[in-house]
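The values are calculated or read from the model by the stated rules, or taken from the named source; none is laboratory data. Bear in mind the structure is a predicted one, so any value in this text is a computation, not a measurement. Glycine gets a Cβ as well: all are built from the backbone with ideal geometry, and neighbour counts include every protein chain shown. Surface areas here come from the heavy atoms of the whole protein model, side chains and all, with no ligands, DNA or RNA. Shrake-Rupley method; radii C 1.70, N 1.55, O 1.52, S 1.80 Å.
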Amino acid sequence: MPTVAIVSQKGGSGKTTLAIHLATAGAYAGKKTVVVDTDPQATAAAWADWRGDFLPEVVTSPPARLAKTVEKLAKKGADLIVIDTPPHADASAREAIKAADLVIVPTRPRAFDLHALEATAEMLNYVGKEGHVLMNGVPARATKMIEDANARVVELGLKVCPVSFGERAAFHHASGDGEVATEIDPESKAALEVQELWKWTAKQTGIKGGKGGGKKKA
Ligand SMILES: Nc1ncnc2c1ncn2[C@@H]1O[C@H](COP(=O)(O)OP(=O)(O)OP(=O)(O)O)[C@@H](O)[C@H]1O
Ligand SMILES: [Mg+2]
């Protein structure tokens, strides 16, 4: 059963934002998606509390229990598991990468953030898995910045995710209200970017059918 790990050693790169938006897009596409929050900060779990009784399901798991948690969710019939991980935590990142069929590494396209990619690249190499780097918080008209950042990604032996997220207030506002961008503005650029990410992820993991958008909470 497809499992996606969202991993980045850098704090604030957008891991939780990505995890909750991807899983919610999957839920709107009619898939049973579950976020597994392995971060002691439990940000995704807090988002689920604010959200109330709406999809997707969010469960917490210490990294040492992650493999068991994924196994149990698979038995319960999950279609897609999205693992959110903490920053600066090698053991958590390693366990998530081991459990994953697809690893997405969000990063801001800035020097310090790109530098932090080295640690994630080393870990992926160590476990023997590929990582797709998603540029997050991309400023408008930053073509050269993105070209340079993508070149660095390739130098590090990582893959460039064909989807990127701009710097969009909708991501920020929605998360703080227990919602996702598509729910506060289905026509927003943020909503379209999430839609693209869902389509790409579904293709990468072999999940069939379903549009990942929606106007109301599922
Ligand atoms: N594309 C974006 N546009 C605007 N704001 C964003 C974007 N991505 C993330 N943010 C905001 O940046 C902050 C950090 O994002 P987030 O919590 O998802 O990062 P994180 O990698 O999970 O952080 P941590 O490492 O602490 O777990 C949040 O306030 C979030 O709303
Ligand atoms: Mg987080």
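In deg cm²/dmol and to the nearest 500, what is the mean residue ellipticity at 222 nm of the chain if only DSSP H runs of at least 4 residues count, each as -39500 (n - 2.57), divided by the residue total? Before the final figure, lay out the partial values.
Numbers: 9 runs with 102 residues, N = 218.
For the chain, the value works out to -14500 deg cm²/dmol.
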Legend entry - Global form of the range 35-80, assessed from the alpha-carbon gyration tensor, a/c cut-off 1.5: oblate
Inset, instruction - Sort out for me the Cα centre separation of the range 22-56 from the range 75-116, rounded to whole Å. - result: 15
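Starting from the exponent 0.38 and prefactor 2.2 Å, build the expected Rg for the range 9-90 from its residue count and divide its actual Cα Rg by it.
Values: Rg = 12.1 Å, N = 82, 2.2 N^0.38 = 11.7 Å.
Against the empirical 2.2 N^0.38 Å value, I get 1.03 for the range 9-90.
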Inset, instruction - May I ask for the percentage of alpha-carbon pairs in the chain that lie more than 25 Å from each other? - result: 31
Inset, instruction - Once you've got the GNM for the chain with C-alpha springs shorter than 10 Å, pick whichever of Lys31, Lys98, Lys72 has the biggest mean-square fluctuation. - result: Lys72
Inset, instruction - Return the ratio Rg/(2.2 N^0.38 Å) for the range 27-138, where Rg is computed over Cα atoms only. - result: 1.10
Legend entry - Simple Cβ-charge dipole of the range 3-205, Lys/Arg +1 and Asp/Glu -1, about Cα centre, in debye nearest 20: 440
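Calculate, for the chain, the solvent-accessible area per residue in square angstrom, rolling a 1.4 angstrom probe over the heavy atoms of the protein chains.
Details: 10160 Å² over 218 residues.
That works out to 47 Å² per residue.
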Legend entry - Fraction of accessible area attributable to carbon and sulfur, the chain (%, probe 1.4 Å): 52
Legend entry - Amide proton proximity set for Thr60, modelled H, under 5 Å, gap of 5+: Asp37
Legend entry - Label-reachable residues, the range 32-67, where backbone N falls under 20 Å from a point 7 Å from Asp101's Cα toward its Cβ: 32-37, 56-59, 66-67
Legend entry - Intensity falloff of the range 135-181 expressed as log10 I(q)/I(0), Debye formula with alpha-carbon point scatterers, at q = 0.14, 0.24, 0.33 Å⁻¹: -0.44, -0.85, -1.17
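Of the peptides 3-16, 168-181, how do they stack up when ordered by the mean number of other Cβ atoms within 10 Å, highest first?
Values: 3-16: 23.4, 168-181: 19.1.
With the highest mean Cβ count within 10 Å placed first, the list reads 3-16, 168-181.
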Legend entry - Estimated FRET transfer efficiency when R0 is 22 angstrom, pair Val160-Gln204 (beta carbons, to 0.05): 0.95
